[in-house]
Structures are given as structure tokens and as C-alpha cells.
Amino acid sequence: MMSNVFSTFDPATSMSTSTNWISSIFVLTAIPSMYWIIPSRYNMMMKILYSKIHVEFKAILGTENWGFTIMFVSLFMLILLNNTVGLLPYVFTSSSHLVFTLSLALPVWISIMLFGWINHTQHMFAHLVPEGTPPMLMPFMVCIETISNLTRPISLSVRLMANMVAGHLFLCMLGNFIMNATSTLFSVSMLVELFLMVYETAVALIQAYVFSMLSALYTKEVTYENT
């Protein structure tokens with residue numbers, strides 16, 4: 001029994017060599033994309049998922065920005081695989097750490113901002129003042145919009161991290177309770193644990209979708225003139 005339920009999120013579990021972060025790239029080597037010559041069920045399922053997500057991004061960004069859709073599909077799959085692999089027992093959940101989520105959110109946000117300010121400078125300045133704003137409120141709206149843009153990568157990363165930590169924390173606490181539960185409560189606790197596992201699988205999918213979709217919406221604001 002663990003003395004501290006938060007110890008499952010500690011990446012430094014070894015004083016010599018810690019291999020916890022390998023879980024972030026383990027799935028890329030353990031599950032190759034072309035495992036069979038004839039497409040397997042796994043390949044067909046992944047292709048269906050790719051096509052569905054790609055359609056969602058094309059509806060937001062438009063057919064002209066197909067390069068962005070490929071990037072966000074890859075981002076979605078990377079987050080989804082890390083979230084789902086972290087549900088396996090004794091596997092380190094890298095997406096529950098701010099250093100991992102920020103390393104995804106910051107490059108995406110910085111690249112979007114650089115692309116917008118370099119290619120559509122006038123549009124970016126106009127975006128700071130919503131249409132129909134009274135002249136007296138324009139300085140305040142510029143400050144509010146600037147703060148809103150600066151907090152976007154933080155909100156993206158914290159949202160993903162908090163949801164993954166909360167779910168894993170519930171699973172960990174319930175697992176500790178099951179170890180000391182009586183025979184009467186054992187079956188009920190196992191049913192609750194199974195329900196939480198299914199729920200966390202759905203959360204892993206939803207959070208990957210939310211992260212990539214919000215990034216696509218931020219990109220749409222920058223590439224609005226091209227769509």
C-alpha cells in the first residue's frame with residue numbers, strides 16, 4: 001500500500017536511472033502502423049479514426065489549409081496514445097505532468113502567433129479589438145484580448161494535466177481501498193473500479209480531442225483571411 005497517493009505521479013522513482021518517460025514513445029515502437037501485409041483490424045480502426053478526425057479539422061480550417069489538418073491529426077493521436085497507455089498498470093502517465101503538456105501547447109501556440117503576426121499583421125491587430133467596441137473601451141479590450149491570448153497555452157496544458165491527474169488519482173485511491181476491503185465491499189468496489197476505467201478511457205479520448213480542436217480553432221483565427 002502506497003503511503004502517498006500522489007507518488008504515482010512522481011517521475012523520479014529510481015535514484016540511478018529513471019525510465020518512466022519512455023512511456024511517451026513506447027507505443028510508437030510497440031505498435032507499428034503497418035504490422036501486417038494485409039490491413040489488420042487495428043490498421044482499419046486507426047484509418048477510420050484518422051479519417052473522422054481529419055474531416056472535423058477540415059470543417060474548421062477549410063480545404064485550403066490541409067497542411068494544418070495533418071498536423072493536428074498527428075497531435076491528436078500523440079496525446080490520445082499517451083493518455084491511453086498511461087491507463088495500463090505500472091505505466092508512467094506523461095500527460096499528467098505540466099512539463100509534457102506545456103511542451104505540446106507552447107510550440108503550437110508560438111508557431112501560430114508567429115505565423116499570424118508575420119503574414120497577417122493587420123488582421124492580428126484588428127483581432128485585438130472586437131467589432132462594434134465603443135472607442136472608450138478599446139484600450140481595455142486590447143488588454144483583455146492580449147491577456148486572453150497569452151493564457152491560451154497555459155489553459156490548454158493545465159486542462160489536459162488536471163483531467164488526467166484527477167482520474168488517475170481516483171483510480172489510485174479506490175485501488176488502495178480495494179486492497180483492505182472486506183468480501184462484501186470487494187465486488188462493489190471492483191464494479192466501481194471498472195466503471196472508472198471505462199470513464200477514464202473516454203476522458204483520454206475527449207481530452208485529446210479538446211486539446212487538438214482548440215489548437216485548430218486558434219489557428220483558424222490566424223488563417224481566417226485564407227479560408
- Solvent-accessible surface ranking, highest first, for ARG41, ARG152, ARG159 at 1.4 angstrom: ARG41, ARG159, ARG152
- Taking the Cβ-Cβ separation of GLU64 and VAL210 as r and a Förster radius of 22 Å, what is the calculated FRET efficiency to the nearest 0.05? 0.35
- Calculate, for MET173 and ILE25, the FRET efficiency according to 1/(1 + (r/R0)^6) with r their C-beta to C-beta distance and R0 30 Å; round to the nearest 0.05. 0.55
- Query: Rg and Dmax of the stretch 39-224, using alpha carbons, in Å: what are they?
  - Reply: 20.7, 70
- Task: Filter the chymotrypsin sites (Phe, Trp or Tyr not before Pro) in the stretch 122-201 to those in DSSP coil with at most 15 other Cβ atoms within 10 Å of their Cβ, and list the result.
- Result: none
- Working with all protein chains in place, sort TYR209, TYR50 by solvent-accessible area computed with a 1.4 Å probe, largest first. TYR50, TYR209
- At a probe radius of 1.4 Å, what is the per-residue accessible area of VAL108, in Å² to the nearest 10? 20
- Mean separation of Cα contacts under 8 Å (at least 6 apart) over the residue count of the stretch 54-113, i.e. the relative contact order in percent, is 17
- Within-14-Å neighbourhood charge of THR101 [Cβ basis; K, R +1; D, E -1]: +2
- In whole percent, what relative contact order does the stretch 39-224 give with Cα contacts below 8 Å and a gap of six or more residues? 35
- Message: Could you work out how much longer the chain between SER183 and ARG41 gets when fully extended? Use 0.36 nm per residue separation minus the Cα distance between them, nm to one decimal.
- Response: 47.2 nm
- Per residue accessible area of the stretch 154-227, 1.4 Å probe, in Å²: 54
- Message: Classify the stretch 43-116 from the C-alpha gyration tensor, please: rounded if a/c falls under 1.5, else prolate or oblate depending on whether a/b exceeds b/c.
- Response: oblate
- Message: If you count only protein heavy atoms and use a 1.4 Å probe, how large is the accessible surface of MET190, to the nearest 10 Å²?
- Response: 90
- Magnitude of the Cβ-charge dipole (Lys and Arg +1, Asp and Glu -1) of the stretch 39-224 about the Cα centre, nearest 20 debye, reported as 340
- Report, to the nearest whole %, how much of the accessible area of the stretch 39-224 belongs to carbon and sulfur atoms, 1.4 Å probe, protein only. 76
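The values are calculated or read from the model by the stated rules, or taken from the named source; none is laboratory data. No experiment lies behind these values; they were computed from the predicted model shown. Neighbour counts are summed over all protein chains in view; Cβ atoms, including those assigned to glycine, are modelled from backbone coordinates with ideal geometry. Just the protein is used for accessible areas: all its heavy atoms, side chains included, with ligands, DNA and RNA removed. Shrake-Rupley method; radii C 1.70, N 1.55, O 1.52, S 1.80 Å.
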